[in-house]
1. Out of all the residues in the range 118-128, is one or more assigned to a helix (DSSP H, G or I) and charged (D, E, K, R)?
2. Can you confirm whether GLU20 is on the phi < 0 side of the Ramachandran plot, out of contact with any strand residue (DSSP E or B) (no Cβ under 7 Å at 6 or more places or on another chain) and touching a residue at least 24 places away in the same chain (Cβ under 8 Å)?
3. Is it the case that some residue within the range 51-61 is within 16 Å of ligand 1 (Cβ to nearest atom), more than 14 Å from VAL12 (Cα to Cα), among the charged types (D, E, K, R) and in contact (Cβ under 8 Å) with a residue 40 or more places away in the chain?
4. Among the residues of the range 62-82 satisfying the criterion of being in contact with a Phe, Trp or Tyr (Cβ under 6 Å, 6 or more places away or on another chain) and farther than 23 Å from ALA100 by Cα, which is nearest to ligand 1 (Cβ to nearest atom)?
5. Could you tell me whether any residue of the range 124-134 is out of contact with any strand residue (DSSP E or B) (no Cβ under 7 Å at 6 or more places or on another chain) and within 14 Å of ligand 3 (Cβ to nearest atom)?
6. State whether one or more residues within the range 23-32 are in contact with a Gly (Cβ under 7 Å, 6 or more places away or on another chain), among the β-branched types (Val, Ile, Thr) and either under 30 Å from ASP129 (Cα atoms) or assigned to a loop (DSSP other than H, G, I, E, B) (or both).
Amino acid sequence: MAQRNTWQRERVRDALSGAEGFVSAQALHASLRAEETGIGLATVYRALAGLTATGEADTLQSPEGEALYRACSQGHHHHLICRRCGRAVEIEAPPVERWAQETAAQHGFRDAEHMVDIFGVCAECAAKDSADAAKKDDASA
Ligand SMILES: [Zn+2]
Ligand SMILES: [Zn+2]
Ligand SMILES: [Zn+2]
């Protein structure tokens, strides 16, 4: 059973690696459907859960509460994510690691984990925004 679904999982992994930044399961499913792979949405969800469990993919919650996925480097890290285009940058955050450890210790917590991701608008999208705003100004002038 698990064996039978291996190619589908590989296909989902490929699609995830090919995507720029974080994508939703639906978006991934749509791109697989466009290639007529016959992979269903439930299978995409299962494959993503498997990839996340083995550390081959990162998952996070968008500000809108949607689960997003990305093929990621392994090991603990954080992300800077553009909420406009989904582009993601992997970052290390030593001050956050220190703060998390100290805060957990102060409250007597052990084995503390944390997830800290920063959402914003990337430089490229911000540049596009101001270009569009300039165009609008031209039109109204
Ligand atoms: Zn990552
Ligand atoms: Zn962007
Ligand atoms: Zn951290």
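1. yes
2. So GLU20 passes the test.
3. Scanning the range 51-61, I find no residue that is within 16 Å of ligand 1 (Cβ to nearest atom), more than 14 Å from VAL12 (Cα to Cα), among the charged types (D, E, K, R) and in contact (Cβ under 8 Å) with a residue 40 or more places away in the chain, so the answer is no.
4. Across the range 62-82, the extreme among qualifying residues is ARG70.
5. Checked against the condition, which is being out of contact with any strand residue (DSSP E or B) (no Cβ under 7 Å at 6 or more places or on another chain) and within 14 Å of ligand 3 (Cβ to nearest atom), the range 124-134 yields no hits at all.
6. First, pick out the residues of the range 23-32 that are in contact with a Gly (Cβ under 7 Å, 6 or more places away or on another chain): 23.
Subsequent filtering for residues that are among the β-branched types (Val, Ile, Thr) retains 23.
Within this subset, residues satisfying the condition of being either under 30 Å from ASP129 (Cα atoms) or assigned to a loop (DSSP other than H, G, I, E, B) (or both) are 23.
Among the residues of the range 23-32, at least one is in contact with a Gly (Cβ under 7 Å, 6 or more places away or on another chain), among the β-branched types (Val, Ile, Thr) and either under 30 Å from ASP129 (Cα atoms) or assigned to a loop (DSSP other than H, G, I, E, B) (or both), which makes the answer yes.
Residues checked against (1) over 15 Å from LEU28 (Cα atoms); (2) surrounded by fewer than 18 Cβ atoms within 10 Å (Cβ to Cβ); (3) at pLDDT below 85:
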residue	(1), (2), (3)
GLU56	yes, yes, no
SER62	yes, yes, yes
GLU66	no, yes, no
CYS72	yes, no, yes
GLY75	yes, yes, yes
ILE81	yes, no, no
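The values are calculated or read from the model by the stated rules, or taken from the named source; none is laboratory data. Since this is a predicted model, take the numbers as computed values, not measurements. All Cβ positions, glycine included, derive from the backbone under ideal geometry; neighbour counts span all protein chains shown.
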